[in-house]
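Have a look at this one.
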Amino acid sequence: DLALRHPDLFETVVAQSGAFLIAPEDDPIDPFDGGEWLLSRLRAGDGSGLRWRLECGTLEWLIGAHRRLEAALDASGEEHETLTRNMGHNWTHWRQGIPEALRWALG
């Protein structure tokens, strides 16, 4: 949400195990009842010209939202890279992805 509101400050979004099911205004926050707000914005053409790098584990409960967001980025033409690893929602997964994500974001 922050990068979309301030594309003058951000060029790239890097998300590891992104919780794209929860909208910033959701109250109370319920990750199983979100509206996939980011997906809706990307489908409406509001990617704000950002570069996107998304990573998610195939064993995560977030994988469905990740794949739908990946498809929306493919259709939108936004510059992006997506990656899935055969891992779960854990620090080992994220630690392995950080160097690669930073190289992409800063490259």
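Roughly how many Å² of W104 are accessible to a 1.4 Å probe, to the nearest 10?
Surface accessible to solvent at W104 totals approximately 40 Å².
Can you give the Kirkwood hydrodynamic radius for the stretch 17-107, in Å, rounded to one decimal and based on Cα pairs?
13.8 Å is the Kirkwood radius here.
When the helices in the chain are scored as -39500 (n - 2.57) per DSSP H run of 4 or longer and the sum is shared across all residues, what 222 nm value do you end up with, to the nearest 500 deg cm²/dmol?
Mean residue ellipticity, 222 nm, calculated: -11500 deg cm²/dmol.
Now for a different question. Over the heavy atoms of T84, what accessible area does a 1.4 Å probe trace out, to the nearest 10 Å²?
Result for T84: roughly 60 Å² accessible.
While we're on this one: Can you give me the % of accessible surface on the chain that is carbon or sulfur? Probe 1.4 Å, all protein chains present, nothing else counted. Walk me through the intermediate numbers first.
Values: 3320 of 6240 Å².
Answer for the chain is 53 percent, counting heavy atoms of protein chains only.
Compare G45, G77, G97 in a GNM of the chain, Cα atoms joined below 10 Å, and give the one with the largest fluctuation.
Taking springs between Cα atoms under 10 Å, the residue moving most is G77.
Over the chain, with the other protein chains present, what is the accessible area per residue in square angstrom, probe 1.4 angstrom?
58 Å²
Which sequence of R51, R5, R68, R43 reflects their accessible areas, 1.4 Å probe, from the largest down?
If we order R51, R5, R68, R43 from most to least accessible, we get R43, R5, R68, R51.
The values are calculated or read from the model by the stated rules, or taken from the named source; none is laboratory data. The shown structure was predicted, so the numbers you read here are calculated from the model rather than taken from an experiment. Each accessible area value is taken on the protein alone, full model and side chains, heavy atoms only, with ligands, DNA and RNA left out. Shrake-Rupley method; radii C 1.70, N 1.55, O 1.52, S 1.80 Å.
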